[in-house]
1. Which condition from (1) over 19 Å from the mean Cα position of the chain (by Cα); (2) at pLDDT 90 or above; (3) at negative phi is the one that residue 16 breaks?
2. May I ask you to verify whether residue 22 is among the hydroxyl-bearing types (Ser, Thr, Tyr) and modelled with pLDDT under 85?
3. Of the residues 53, 49, only one is at pLDDT 85 or above, within 30 Å of residue 140 (Cα to Cα) and not basic (Lys, Arg); which?
4. How many residues does the range 121-150 hold that are basic (Lys, Arg) and part of a strand (DSSP E or B)?
5. Could you list all residues from the range 123-151 that are touching a Phe, Trp or Tyr at 6+ places or on another chain (Cβ under 7 Å) and of a type outside the set (Ser, Thr, Tyr)?
6. Only one of these conditions is not met by residue 100: (1) in the same structural domain as residue 113 (by TED's automatic domain parsing); (2) in a loop (DSSP other than H, G, I, E, B); (3) surrounded by 12 or more Cβ atoms within 10 Å (Cβ to Cβ). Which number is it?
7. Does residue 91 meet the test of being more than 30 Å from residue 44 (Cβ to Cβ) and either in a loop (DSSP other than H, G, I, E, B) or among the hydrophobic types (A, V, I, L, M, F, W, C) (or both)?
8. Tally time: how many residues in the range 25-49 are charged (D, E, K, R) and over 30 Å from the mean Cα position of the chain (by Cα)?
Amino acid sequence: MPPKPKRNTNTKSASTDPTPTSLALAKANLDAAKDALANYVITAPFSGVAADVNVKAGEQVGTETRAVSLADFSGWIVETTDVTELEVVKLSVGQSVTITPDALPDLELTGVVTEISNAFTQSGGDILYTVRIRVDDPDPRLRWGMTVEAIFRTGE
C-alpha cells in the first residue's frame, strides 16, 4: 500500500501573514493619507464668516451633515413672519421700510422690500405672509435671529 500523503498542519496563509513589503506599502499609504488630511483645506463658495460650527474636531460626519453655516454680513435680509392678509395687499416690491431692532431701540435702519411670498402660513386663525427686506446700511451690532419692528412706508 502506498504511503498516505501528509496533511499540511501549517494554517498560516499568504493573505493573512503580511510580508515586509506589503506592510511597508500599507504604512506608506497611511502616512500619505495623514499628510493629505493635515494639508486639507475647505474653501467657502463666498467670502464670509463661519457663523455657526456644528461639528467638533475628530467627529465623523456624513455627506448630509451641515458642518458650518457661512454668513455674509455685508448685506442683511430681514424676513418677516407676521404680515397678515390685510397688510400684504398694501405692500409692493421696492417699497421703503424703516427697521428698528428690539435690542437696539435707538437704531433706525432703512430697507427695501425685495420679495413678497405668494405662499401663506396659518397661525391662530391668521393668514400670514413672508416679506423679505434688504437692509440698506447694516449696523455691525446686528446678529442673526434678532427681532425687529418693520414699518412699511406708504404714499411714496
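1. In the conditions (1) over 19 Å from the mean Cα position of the chain (by Cα); (2) at pLDDT 90 or above; (3) at negative phi, residue 16 misses (2) alone.
2. no
3. Every option except 53 fails the conditions.
4. Counting residues in the range 121-150 that are basic (Lys, Arg) and part of a strand (DSSP E or B) gives 2.
5. Within the range 123-151, 127, 128, 135, 138, 142 meet the criteria.
6. (2)
7. So residue 91 passes the test.
8. 2
The values are calculated or read from the model by the stated rules, or taken from the named source; none is laboratory data. Being a predicted model, the structure only gives us computed values, none of them experimental. Using ideal geometry, Cβ is built from the backbone for each residue, glycine included, and neighbour counts are taken over all protein chains shown.
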